[in-house]
1. For the stretch 203-320, what relative contact order do you get, as a whole percent, if you take Cα pairs closer than 8 Å and at least 6 residues apart?
2. So for the pair ALA98, SER316, with labels modelled 7 Å out along Cα→Cβ, what separation do we get in nm?
3. Treating only the Cβ of Lys, Arg, Asp and Glu as charged (+1, +1, -1, -1), what charge dipole size does the chain show about its Cα centre? Round to the nearest 20 debye.
4. Over the stretch 97-177, what portion of Cα pair distances is larger than 18 Å, expressed as a whole percent?
5. Could you size up the charge dipole of the stretch 1-158 around its Cα centre, putting +1 on the beta carbon of Lys and Arg and -1 on that of Asp and Glu, and report it in debye to the nearest 20?
6. Using the scaling law 2.2 N^0.38 Å as the reference, what is the normalised Cα Rg of the stretch 2-115?
7. Please compute the Kirkwood hydrodynamic radius of the chain from all pairs of different C-alpha atoms, in Å with one decimal.
8. For the stretch 165-261, with only Lys/Arg (+1) and Asp/Glu (-1) charged at the beta-carbon, what is the dipole magnitude about the Cα centre, in debye rounded to 20?
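Read the figures in this text as sums done on the coordinates, not as results from a lab. All of these numbers come straight from a predicted model, not from anything done at the bench. Virtual Cβ from ideal backbone geometry, glycine too; neighbours counted across all protein chains shown.
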Amino acid sequence: MEKTKVLILGGTGYLGQHLLQAFAVTNGGSQYDVAFAHHSSPPPRLLLDSFPRFPAFPVDLKSGQGLDSISHNFGQPHVVVNCSALSVPRVCEQDPDAAMSINVPSSLVNWLLTFDKDKTLLIHLSTDQVYEGVKSFYKEEDETVPVNVYGKSKVAAEKLIKDKYPNFAILRSSIIFGPQTVSPVPKTLPIQWIDSVLQKGDKVEFFHDEFRCPIYVKDLVAIMLKLTDMWLSDGGPMQLVLNAGGPDRLSRVQMAEAIAEVRGHDSSLIKPVSATSVDRGVVSPADISMDVTKLIQTLQISPTSFREGVRLTLQSESLR
Ligand SMILES: NC(=O)c1ccc[n+]([C@@H]2O[C@H](COP(=O)([O-])OP(=O)(O)OC[C@H]3O[C@@H](n4cnc5c(N)ncnc54)[C@H](OP(=O)(O)O)[C@@H]3O)[C@@H](O)[C@H]2O)c1
């Protein structure tokens with residue numbers, strides 16, 4: 001039987017590495033042929049050594065350079081997971097042209113259109129920052145009103161995919177948290193950072209008036225695997241937009257309190273401040289908590305609570 005070919009774009013990033021790890025651990029290579037793309041060249045040695053069976057391709061989504069080599073050497077994938085992005089809102093604000101050209105995957109969609117469209121599912125990572133942030137528990141059908149360049153680039157990406165490509169699942173992810181990756185990513189990981197500052201014993205400011213539904217990275221990986229299975233067994237085109245968040249609506253203060261509780265830190269170190277008191281170089285939506293009923297019902301999953309995700313994250317960090 002033909003193996004399912006899976007291509008992970010942004011395989012060097014936080015989510016991409018967790019996805020590679022899941023394919024490496026759970027499938028032993030028997031059911032899937034996995035390849036991944038990276039932008040930095042060469043990709044980290046540790047990453048290549050950790051996934052020796054998965055071919056790596058350099059790709060620049062700004063231009064599409066590198067995609068043809070995947071056609072020639074790997075062939076048409078059955079599933080493409082696009083984890084590539086300029087994912088830091090402040091960086092997008094500083095360089096809107098780069099944000100638009102990387103986050104709106106025109107070159108990728110044009111490349112996919114060179115194949116038989118029914119045979120490749122595109123799973124694309126979007127964000128909760130497509131929403132304006134003026135109410136709680138956004139639903140997928142609510143209007144998208146992004147307040148910063150990052151959100152605007154993600155809305156433009158969703159529109160491009162919906163207009164041009166008939167077989168997709170778009171995941172509007174909230175903050176992704178979980179263990180560090182096999183080849184550590186340069187960016188600060190939220191749980192590990194909060195844990196380390198509270199550990200030092202200094203008073204730290206956290207926002208009390210910005211709300212998110214953080215998602216445990218392994219849940220997001222499980223969602224992508226489930227979407228793949230669903231599509232393979234159903235066979236027909238998929239056109240799905242899902243809020244991908246955890247079950248809890250939390251401020252940064254509440255996140256810090258949960259971490260303090262799990263780790264036994266002094267919660268009086270947590271100083272609540274308003275998000276409006278700090279200039280972060282980018283407008284940040286206040287409440288982009290999401291209703292995840294559609295995610296739960298469509299995929300029959302039960303996302304991990306924030307507290308349990310924190311426990312699992314810090315437990316696996318202590319084993320590293
Ligand atoms: N992390 C979160 O909390 C979060 C929350 C909501 C949504 N998301 C979305 O989820 C997705 C994955 O996030 P992440 O945290 O894994 O991101 P990440 O760690 O920042 O990884 C981004 C990936 O994009 C690649 N990339 C950068 N520029 C590229 C280019 N010009 N062409 C091709 N690839 C390029 C990077 O490759 P190199 O490393 O090789 O340069 C890297 O693999 C993104 O779409 C992000 O916007 C993330």
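1. Once normalised by length, the contact order is 44 percent.
2. Each label point is offset 7 Å from its Cα along the Cβ direction, giving 2.9 nm.
3. On the way: 31 positive and 35 negative charges, 95 e Å.
In total the dipole reaches around 460 debye.
4. For the stretch 97-177, the share of Cα pairs beyond 18 Å comes to 43 percent.
5. Its charge dipole is roughly 420 debye.
6. So the Cα radius of gyration is 1.06 times the expected 2.2 N^0.38 Å.
7. Taking every pair of different Cα atoms in the chain, averaging 1/r and inverting gives 20.2 Å.
8. The calculated dipole for the stretch 165-261 is roughly 200 debye.
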